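The structure appears below as structure tokens.
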Amino acid sequence: MKEKTEDHALMDKIVSLCKRRGLVFQGSEIYGGLAGTWDYGPYGAELAHNVEELWRKHFIRERDDVFAVQSATLMPEAVWKASGHLSGFTDPMVECKKCHHRFRADQLSDKKKCPDCGGELGEEKVFNLLLPVALGSVEGKSNMAYLRGEIAQGMFVNFKNILDTMRPELPFGLAQIGRAYRNEIAPRDFLFRVREFDLMEFEYFVREADWQKYFEMWRIEMWRWIERVGIEKDKIHELEVAPADRAHYSKRTIDFEFDYPFGRKELYGLAYRTDYDLKKHSAESGAEMSYFDEVKKEKFIPHVIEPTFGHGRTMFAVLLSAYREDEMNGEKRVYLKLKPEIAPVKVAVFPLLKNKPELVKKAREVYAVLKKEIGAVEWDDNGNIGKRYRRQDEIGTPQCVTVDFETLEKDDVTIRDRDSGEQERVKVKELVAKLK
Ligand code: GAP
């Protein structure tokens, strides 16, 4: 048997922590699981939401030049024909003649022998990743739609609507967060390669002459995001994607790769999509996709810079970056050093003992105030204090507040810091300000 490397052990630890603490579960697990799908439990859903909110804040709300849209996940065949995905959104696939397992041909070292059963592999085929859906009661070509393979098309097909309603001036961006679906041949590596995932992405429309300037601007901004969300910067590496490896719409792409436990692979992408999509949609739909510059009296189809962020891969990279093991008070512990802004629980409140009504009453009062002021606050009175700290450490709760007998006399509580384990006494009336 192969010995597990440290990195693979880390992967196992993260997957098991995610399951144990209700962050991430296999999709449809009680039926044996559906490959390439994952469900978020209560803490995972909070973390996912907080990552989205931070992204929205960073790329939309703190700026004046990016507008949010939210488009349908079902789009007709015509969209995917125009975008080039019907012909170009493919992976090379081979199938084993014996066990019928399918593999991505470009990920196999031996293209003749099945890695699962040793059987003979068939001819390499082109496999389209779009997921078709037959809409309505009558099946047929005219009703054919696809679950969106990328959310970008929702921004392109709404370009004219935005020009007509918002009258934005170039440069400006259209952003959205939402589901994408890909019929991946070989989903694997936890949240890394799945069949259904959220994307956080925007199309930034510019004049052709300015594309390099804005490409560089977004490259720098993507690094700022990486730091802000809490992904280890020294695990990120930019890769200038070779022309042959770029998507069909791109004239330049930089991948932001991350050192996952299974190797260095794509986390985010930054692409110069030229005027490819708007031009194609204009030609196929007949809609006017030009921008009119009122000052220069010029009409033209803008070019596009596209920063794209896989949401699941962000969650995964954040968890890998935050995972820590150390020893505290003579005991081994695991904790997630999450940025407070994205931690699923911001503060946990404990009564020292749960069978002392006076402590529970006071702790409930403190809890009610914090819940109102901070929101993501958790009550825990299960087991001893040490165990409660460990539980909160594992989900990355930055601070825990304990109400003890001294509280009843002096109206102060203990705040315990997740990373250092240090404790300090704080007056109840100063608690909200201190925690915030
Ligand atoms: N609109 C451009 C676009 O969709 P992409 O490189 O195909 O580009 C964007 O995908 C991002 O989506 C990637 O950088 C990655 O973070 C994430 N991603 C792609 N395929 C994925 C999959 N099968 N599972 C999880 N995330 C995926």
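Nothing in this text is a laboratory measurement; each read-out follows from the coordinates by a stated rule. As the structure is a prediction and not an experimental result, all values here were calculated from the model. In this analysis, Cβ positions are derived from the backbone assuming ideal geometry, glycine residues included, and neighbour counts consider all displayed protein chains.
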Inset, instruction - With both partners inside region 345-435, how many of the DSSP beta bridges are antiparallel, as a percent to the nearest 5? - result: 55
Inset, instruction - Enumerate the calculated ³J(HN,Hα) couplings along region 227-241 in order (Karplus 6.51 cos²θ - 1.76 cosθ + 1.60, θ = phi - 60°), each rounded to whole Hz, writing x wherever the residue is Gly or Pro. - result: 5, 5, 7, x, 9, 4, 5, 6, 9, 9, 9, 7, 10, 6, 6
Legend entry - Relative packing of peptides 410-421, 189-200, 100-111 - highest average C-beta neighbours within 10 Å first: 189-200, 410-421, 100-111
Legend entry - For GLN26, distant residues with modelled amide H under 5 Å away: ASP39
Inset, instruction - Within 10 Å, count the other beta carbons around each residue, average over each peptide in 293-299, 56-62, 430-436, and list them highest first. - result: 56-62, 430-436, 293-299
Legend entry - Entries of LYS13/LYS371; LYS356/LYS410; LYS235/LYS332; LYS387/LYS436 with Cα pairs more than 22 Å apart: LYS13/LYS371; LYS235/LYS332; LYS387/LYS436
Inset, instruction - Consider all pairwise Cα distances in region 345-435 and report the whole-number % of them above 16 Å. - result: 47
Inset, instruction - Taking every pair of Cα atoms in region 117-233, average 1/r, invert it to obtain the Kirkwood radius, and report Rg/Rh to two decimals. - result: 1.07
Inset, instruction - Determine the calculated [θ] at 222 nm for the chain from helices alone, applying -39500 (n - 2.57) to every DSSP H run no shorter than 4 residues and normalising by the residue count; nearest 500 deg cm²/dmol. - result: -9000 deg cm²/dmol
Inset, instruction - Write out the cysteines belonging to the chain for which the nearest other cysteine Cβ is not under 4.7 Å, or none if no such cysteine exists. - result: CYS18, CYS400
Legend entry - Dimensionless Rg over Rh [the chain; C-alpha; Kirkwood]: 1.03
Inset, instruction - Just need log10 I(q)/I(0) for region 264-305 at q = 0.20, 0.28, 0.33 Å⁻¹, Debye formula, equal scatterers on the alpha-carbon atoms, no solvent, rounded to two decimals. - result: -0.70, -0.96, -1.06
Legend entry - For region 58-73, 3J(HN,Hα) per residue [Karplus equation, 6.51 cos²θ - 1.76 cosθ + 1.60, θ = phi - 60°, Hz, x = Gly/Pro]: 5, 9, 10, 5, 7, 10, 10, 10, 10, 10, 8, 10, 9, 9, 5, 8
Legend entry - Cβ-based net charge around MET217, under 12 Å, with every Lys or Arg adding one and every Asp or Glu removing one: 0
Inset, instruction - Please list the non-local residues whose amide H lies under 5 Å from the amide H of ALA180, H modeled 1.01 Å from N, same-chain partners needing a gap of 5 or more. - result: PHE197, ASP198, LEU199
Legend entry - Calculated from backbone phi, Karplus (6.51, -1.76, 1.60) coupling profile of region 292-309 in Hz, x at Gly/Pro: 10, 7, 5, 6, 8, 6, 10, 10, 7, 8, x, 9, 10, 10, 10, x, 10, 9
Inset, instruction - Can you tell me the 0 to 90 degree angle between the C-alpha axis of helix 6-20 and the longest principal axis of the chain, rounded to 10? - result: 70
Legend entry - the chain: angle of helix 311-322 to the longest principal axis, Cα-based, in degrees nearest 10: 40
Legend entry - LEU267 long-range amide H proximity, modeled H, under 5 Å: PHE256, GLU257, PHE258
Legend entry - Between region 305-376 and region 207-242, the Cα center-to-center distance that results, in Å: 30
Inset, instruction - Calculate, axis by axis, the spread of Cα positions in region 1-115 along the three principal axes, and write the results as whole Å, longest axis first. - result: 55, 44, 30
